[in-house]
Amino acid sequence: MMALVDRIFSIQNDTEFEQIALEVFEYQKSNCLVYKKYIDYLNWPYPTKIEEIPFLPIDFFKSQKIISEEFTQEIIFKSSGTGGKRSSHYVAQTSLYEKSFNFNYEKLLGNPQEQVILALLPNYMEQGESSLIYMVDNLISKSPHPLSGFVLNDLDEIKKRYDEAIRLNIPVVIFGVSYALLDLAALNFNFEKALIIETGGMKGKRKELTKLELHKALKIGLKCENISSEYGMTELLSQAYSKENGLFNTTSLMKILIRETDDPFTYTELGKTGGINIIDLANLYSCSFIATQDLGKVHKDGFEIIGRFDNSDVRGCNLLVE
């Protein structure tokens with residue numbers, strides 16, 4: 001399997017991505033019992049291209065242990081749980097997760113060794129078992145600057161560290177959950193030179209806003225020209241990032257497909273809104289083909305998040321649920 005992992009992280013084009021995705025499908029169909037049962041229930045024909053691969057509804061992670069049978073988990077990550085029951089991701093190899101998020105971060109956001117990285121993620125720290133905390137902690141550990149670190153609720157401390165990093169001419173990246181960034185924005189500090197990455201969600205602390213409303217408020221309050229976003233989830237090992245205009249980009253590890261809202265097995269045209277299906281090849285020992293509850297559009301230069309399905313269950317989730 002190490003040879004397949006090496007190939008996943010060496011993909012150069014769409015042809016290679018499709019070939020490896022079909023190999024990953026074959027492996028997971030044989031080794032991930034939940035995915036195999038789902039495919040059997042669908043009586044799914046063998047795929048010859050990525051559009052023919054069946055995507056597992058993400059709600060299965062709330063009720064099933066999804067992991068390759070040849071592994072036991074090294075760690076279990078859990079979702080924030082603000083929408084009800086928490087999803088669980090049984091991660092077979094933390095080293096593969098680390099390889100994936102470092103690959104994505106360096107390709108899309110730069111070298112953490114050359115940055116001051118600050119984290120304003122109080123709810124994730126308080127709740128525990130967060131894949132986001134694991135990721136950001138690892139990125140912070142790669143930053144040689146003592147200014148880098150987690151700040152729980154001391155918003156003045158965030159400003160103090162930012163000012164010192166700018167004085168030293170070191171780029172600053174700030175990861176923040178949406179409601180905490182709004183609290184920071186209310187103080188009217190100037191963060192115009194920081195890369196602000198909102199990680200989404202009010203986590204029950206504030207009224208939910210659209211991305212457009214949230215970013216507008218943050219740009220005004222933080223004096224930033226752009227607000228960036230991280231698109232990741234407990235159930236995956238890879239992330240996408242947007243730097244501006246709300247358009248997310250992926251690396252060669254991921255691909256986004258948009259399914260019709262009323263037919264989960266048919267895909268939309270470019271630029272049309274539908275449900276987001278994610279291929280995450282780094283999620284090798286779990287399931288790489290996930291049908292999310294998010295709505296979005298794919299454009300030529302990235303994809304955008306529109307919102308979520310009104311009905312919290314993606315069609316097909318009733319299969320196998322105990």
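The values are calculated or read from the model by the stated rules, or taken from the named source; none is laboratory data. The structure presented is a predicted model; accordingly, all values stated were derived computationally and were not measured. Positions of Cβ are backbone-derived with ideal geometry, glycine not excepted, and every protein chain shown enters the neighbour counts.
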Condition set touching a Pro at 6+ places or on another chain (Cβ under 6 Å) and polar (S, T, N, Q), scope region 136-195, selection nearest to ASN123 (Cα to Cα): answer is ASN153
Out of (1) surrounded by fewer than 16 Cβ atoms within 10 Å (Cβ to Cβ); (2) more than 26 Å from the chain's Cα centre (by Cα), the one ALA165 does not meet is (1)
The lone condition ASP6 fails out of (1) within 30 Å of GLU129 (Cα to Cα); (2) in contact with an Asp or Glu (Cβ under 8 Å, 6 or more places away or on another chain) is (2)
Those residues of region 211-232 that are under 17 Å from the mean Cα position of the chain (by Cα) and either at pLDDT 95 or above or farther than 15 Å from GLU98 by Cα (or both) come to a total of 6
For region 158-175, pairs from a residue that is under 11 Å from GLN115 (Cα atoms) to a residue that is in a loop (DSSP other than H, G, I, E, B) and among the basic types (Lys, Arg), with Cβ under 7 Å and 6 or more apart or across chains, are ILE166/LYS193; VAL172/LYS193
Can you spot a residue in region 178-192 that is over 22 Å from LEU247 (Cα atoms), surrounded by fewer than 16 Cβ atoms within 10 Å (Cβ to Cβ) and touching a Phe, Trp or Tyr at 6+ places or on another chain (Cβ under 6 Å)? no
Just to be sure before I move on: is GLY204 loosely packed, with under 14 Cβ neighbours inside 10 Å, under 16 Å from ASN123 (Cα atoms), small (Gly, Ala, Ser) and at pLDDT below 95 in the structure I sent?
yes
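In region 198-277, which strands (runs of 3 or more DSSP E) lie fully inside it and hold 2 or more residues that are out of contact with any Ser or Thr (no Cβ under 7 Å at 6 or more places or on another chain)?
So the answer is 254-260, 263-267.
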Given (1) closer than 12 Å to LEU284 by Cα; (2) touching a Pro at 6+ places or on another chain (Cβ under 7 Å), LEU4 misses just (2)
In region 153-181, anything modelled with pLDDT of 95 or more and of a type in the set (Val, Ile, Thr) is listed as ILE158, ILE166, ILE170, VAL172, VAL173, ILE174
Residues of region 136-195 being assigned to a loop (DSSP other than H, G, I, E, B) and among the basic types (Lys, Arg), in sequence order, are LYS193
Residue set GLU98, GLU129, GLU74; condition without any contact (Cβ under 8 Å) to a residue 40 or more places away in the chain, of a type in the set (Asp, Glu) and either surrounded by fewer than 21 Cβ atoms within 10 Å (Cβ to Cβ) or more than 15 Å from MET233 (Cβ to Cβ) (or both); output residue GLU74
In region 215-251, residues that are buried (at least 19 other Cβ atoms within 10 Å of the Cβ) and either of a type in the set (Val, Ile, Thr) or under 17 Å from CYS287 (Cα atoms) (or both) total 11
Per the filter on region 104-116, residues within 25 Å of SER10 (Cα to Cα) and crowded, with 18+ Cβ neighbours inside 10 Å are ASN104, TYR105, LEU108, LEU109, PRO112
Inside region 60-95, the number of residues satisfying the requirement of being farther than 19 Å from TYR134 by Cβ and within 16 Å of the chain's Cα centre (by Cα) is 0
